[in-house]
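Since the structure comes first, as structure tokens, the remarks are kept for the end.
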Amino acid sequence: MTLPTEPPFLRIWEFIPAPRQEVAFARIYGSDGEWVRLFGRALGYLGTDLVPSPDVPGAWRTIDRWESEAAWIVFRQKHAAAYEALDRECEGLTMSERLIISGAPAVG
């Protein structure tokens, strides 16, 4: 087994689910959800975690891991239409969303 030489490329989003949409939000954004199935079509996708926000009560964070930024970019190019369609489908599930990190974590 070869260990990666670089830290993974991360995309971390913070979401506040809309009232009465928490269950649907967790289903779609969770580890077996629609986003994970879409990302799973791509080479270089390493997985997604859905975790409570440590900073904002009631908010959740998705942590998407990719082998590299290049893998993320290729995914977005190849699956742009499906990504945009799913994003539109999910609009009513959240009151707010913000990108927290898009990049490799600092090492050392």
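What the table shows:
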item	result
Ile63, Ile73, ranked by accessible area, largest first (probe 1.4 Å)	Ile73, Ile63
Cα gyration tensor shape of the chain, rounded if a/c is under 1.5, else prolate or oblate by comparing a/b with b/c	oblate
Peptide ranges 20-28, 7-15 listed from the most packed, as the mean C-beta count within 10 angstrom indicates	7-15, 20-28
Accessible area expressed per residue, the chain, with surrounding protein chains retained (probe 1.4 Å, Å²)	63 Å²
Ranked packing of 64-72, 88-96, most packed first, by mean Cβ within 10 Å	64-72, 88-96
Largest-first principal axis extents of the Cα set of region 1-54 (Å)	44, 26, 15
Distant-in-sequence amide H partners of Ala104 (H built 1.01 Å from N, under 5 Å)	Leu10
The chain: relative contact order as a whole-number percent, Cα under 8 Å and 6+ apart	44 percent
With every protein chain in place, the chain: carbon and sulfur % of accessible area (1.4 Å)	56 percent
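The values are calculated or read from the model by the stated rules, or taken from the named source; none is laboratory data. Just so you know, these numbers come straight off a predicted model, no measurement behind them. Backbone-built Cβ (ideal geometry, glycine too); neighbour counts: all protein chains shown. Accessible surface is based on the protein model in full, side chains and every heavy atom, while ligands, DNA and RNA are left aside. Shrake-Rupley method; radii C 1.70, N 1.55, O 1.52, S 1.80 Å.
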